[in-house]
1. Give the residue list of trypsin sites (Lys or Arg not before Pro) in region 44-128 that are DSSP loop and have at most 15 other beta-carbon atoms within 10 angstrom.
2. If the convex hull of the alpha-carbon atoms of region 55-134 is projected onto planes in all directions, what is the mean projected area in square nanometres?
3. Roughly what % of Cα-Cα distances in region 103-167 sit above 18 Å, to the whole percent?
4. Please give the helix 120-132 orientation as an angle from the longest Cα principal axis of the chain, in degrees from 0 to 90, rounded to the nearest 10.
5. Using only Cα atoms, tell me the angle between helix 156-167 and the longest principal axis of the chain; keep it within 0 to 90° and round to the nearest 10.
6. Output wanted: per-residue J couplings in Hz (rounded whole) for region 28-41, from phi through Karplus 6.51 cos²θ - 1.76 cosθ + 1.60, θ = phi - 60°, x for Gly and Pro.
7. By how many nm would the segment from THR97 to SER147 grow when fully extended, if each residue of separation counts as 0.36 nm and the alpha-carbon distance is taken off?
Amino acid sequence: MSDPTSNPFSAVEPNSDLLSVVLRINGASHALQIDPRATLLDCLRDTLQLTGTKKGCDHGQCGACTVHINGRRRNACLALAAVHEGDEILTIEGVGTPDRLHPLQAAFVARDAYQCGYCTSGQIMSALALLQEPCGPGDDEVREYMSGNLCRCGAYANIVAAIQDVRGQS
């Protein structure tokens, strides 16, 4: 049998190409060894087991992977994890708890603003940003602001109603 180290196509030595990074997620620091090509989404879901952030399209088109980086919403599928060392990253797991829901989470439940629930975490993360950024008072402005988040089930009217409840606009 031939020596596998002589084969130029054999697997590289484990951990030889990994980067050491410290990511600050939901207020906690995580020292990680990651592939430099890993997206923030894959790092959250596969490395840290924070599976609330969903992988929908993996192309930045659906918004299911929306997180906040330094207070601004971003699609985690389009962000390389390694470049966010030192940044404050907030995922849906850092927004509320089952015993103490964030007002947006409670409004989504009260307004039945989900059906299958797959897009819900991304919808809530975008809506959370909406509460902090300039957005007109009407439903049309909310729909425009939330247009980067798709819902396959079509719960848009209930999503807008939930957001407006929290904004005190309905």
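1. ARG100
2. 5.9 nm²
3. In whole percent, the share of Cα-Cα pairs in region 103-167 beyond 18 Å is 21.
4. 60 degrees
5. 80 degrees
6. Coupling constants for region 28-41: 10, 8, 10, 7, 10, 10, 10, 5, x, 8, 5, 6, 4, 4 Hz.
7. 15.3 nm
No value in this document is a laboratory result; all are computed from the given coordinates. Remember, predicted model here, so these are calculated numbers, not experimental data. Quick reminder, even Gly has a Cβ in these numbers, built from the backbone with ideal geometry, and neighbours come from all protein chains shown.
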